[in-house]
Amino acid sequence: MKRVTGIGGIFFKAQDVSEMRTWYSKHLGIPVEEGGYGLFWWRDDEQPAIRKSTTWSLFTKDSDYFQPSTAPFMINYRVENLVALLEELRKEGVRVEDKIEEYEYGKFGWIYDPEGNKIELWEAVDAPFEGEQP
């Protein structure tokens with residue numbers, strides 16, 4: 001079974017989200033969509049006809065989305081079979097959250113590394129983002 005197949009997203013907290021989005025857009029060229037996040041499109045070497053995305057997003061400094069981790073960031077990794085992978089990780093002794101959330105753009109689950117950093121796993125569905133591609 002494949003585990004991580006790519007980076008799904010990079011998320012971090014900011015003191016002033018609006019100012020930071022503007023700075024990253026102006027100075028680094030990160031495209032900011034209407035929803036306040038950036039999307040990077042790429043193609044999978046094994047399936048070049050399929051476009052995939054990586055999300056870049058800022059969260060307010062007081063967001064609880066990363067909790068119980070105290071880190072100001074969270075990495076989202078793309079996976080192929082979230083349910084099977086979470087089962088395997090549990091067997092291996094990895095701390096796994098009991099919930100899975102599902103949306104039109106995929107399924108999400110969360111695990112923690114040995115230092116307590118929260119990691120988001122995403123079984124992606126990129127089609128809903130296709131209208132936002134450059």
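Just a yes or no: is a residue in region 17-26 assigned to a loop (DSSP other than H, G, I, E, B), out of contact with any Leu (no Cβ under 6 Å at 6 or more places or on another chain) and loosely packed, with under 15 Cβ neighbours inside 10 Å?
Pass one, region 17-26, residues assigned to a loop (DSSP other than H, G, I, E, B): none.
No, region 17-26 has no match at all.
Just a yes or no: is a residue in region 84-95 under 16 Å from the mean Cα position of the chain (by Cα) and part of a loop (DSSP other than H, G, I, E, B)? Taking every residue of region 84-95 in turn, none turns out to be under 16 Å from the mean Cα position of the chain (by Cα) and part of a loop (DSSP other than H, G, I, E, B). Inside region 104-117, residues that are exposed (fewer than 13 other Cβ atoms within 10 Å of the Cβ) and either more than 19 Å from PHE66 (Cα to Cα) or in contact (Cβ under 8 Å) with a residue 60 or more places away in the chain (or both) make up a count of 1.
Of the set (1) surrounded by 15 or more Cβ atoms within 10 Å (Cβ to Cβ); (2) over 11 Å from the mean Cα position of the chain (by Cα); (3) hydroxyl-bearing (Ser, Thr, Tyr), all apply to THR55 but (2). Among the residues of region 64-75, none qualifies, meaning not one is farther than 28 Å from MET20 by Cα and among the charged types (D, E, K, R). Candidates ILE7, ILE50: the one that is within 17 Å of VAL125 (Cβ to Cβ) and over 16 Å from the mean Cα position of the chain (by Cα) is ILE50. Exactly one residue out of GLU80, GLU120, GLU101 is touching a Phe, Trp or Tyr at 6+ places or on another chain (Cβ under 9 Å), surrounded by 13 or more Cβ atoms within 10 Å (Cβ to Cβ) and not hydrophobic (A, V, I, L, M, F, W, C), and it is GLU120.
No lab work stands behind these numbers, since they all come straight from the coordinates. Only a predicted model underlies this, so the values are computations on that prediction, with no experimental measurement involved. Here the Cβ is made from the backbone with ideal geometry for all residues, glycine too, and neighbour counts use every protein chain on show.
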